[in-house]
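**Q** Mind having a look at this structure? Questions to follow.
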Amino acid sequence: LLATLMTHSARHQDYQPLPIDYVEALYSELAATGQAALFVAEVHGEPVAADLVTMCGAMVRGRLAGFDRTGEAAHLSVPAAIRWEIIRWAKTRGYRWYDLGGLHEEALQALLAGECRHSDNWSSSDQAKVAFGGSPFRYPSAVEMIDSSPVRIAYDLSRRWAGGRRLVARATRRFRGAT
């Protein structure tokens, strides 16, 4: 269900959805140990949105989401309703933080600098996240473990130019099973 709804979102927002086997493995492995939960919203008995969250320590973190914007659901705030339910659910279970996921760099910089709390130029996903309030936070960049010095140097250099970044992104998608 989540993978299907993510495909709807991917089509609407023009990105490549994650492979279904990855989504299934992520959920089954983490849910079995109580580290993931799936929230599904329905309109007239039909599932139209889903959010997968993970839990660790005092944090609930939004990981994957999908939304079918066809029909009546397109005119309702279904994703926001799911997120409010996640917040209520997390609070009753003693979680302290809910991470809605990343913001685009432009929005994050403006929020961290205290320049503004809203801009019509921000993506709709950034606007929705900011509408919940909270505090913006910049996580440190991920670190890749590359043992080979020549490969590490090539990787670091490739990330400095647009063509290299595209090549790294293509290789990442290929290694993760997407085409």
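**Q** If you go through segment 28-57, how many residues are of a type outside the set (A, V, I, L, M), within 25 Å of A73 (Cα to Cα) and surrounded by 14 or more Cβ atoms within 10 Å (Cβ to Cβ)?
**A** 3
**Q** Which is touching a Phe, Trp or Tyr at 6+ places or on another chain (Cβ under 7 Å) and among the charged types (D, E, K, R), of D21, D51?
**A** None of the others qualify; the one that does is D51.
**Q** So for segment 99-114 (the condition being touching a residue at least 40 places away in the same chain (Cβ under 8 Å), in contact with a Gly (Cβ under 9 Å, 6 or more places away or on another chain) and under 21 Å from R11 (Cβ atoms)), does at least one residue qualify?
**A** So far as segment 99-114 goes, yes, one or more of its residues are touching a residue at least 40 places away in the same chain (Cβ under 8 Å), in contact with a Gly (Cβ under 9 Å, 6 or more places away or on another chain) and under 21 Å from R11 (Cβ atoms).
**Q** Out of curiosity, is F132 farther than 29 Å from P19 by Cα and surrounded by 12 or more Cβ atoms within 10 Å (Cβ to Cβ)?
**A** yes
Computed from the coordinates by the stated procedures, all read-outs in this text should not be read as laboratory data. Please read these numbers as outputs of a predicted model, since none were measured by experiment. Quick reminder, even Gly has a Cβ in these numbers, built from the backbone with ideal geometry, and neighbours come from all protein chains shown.
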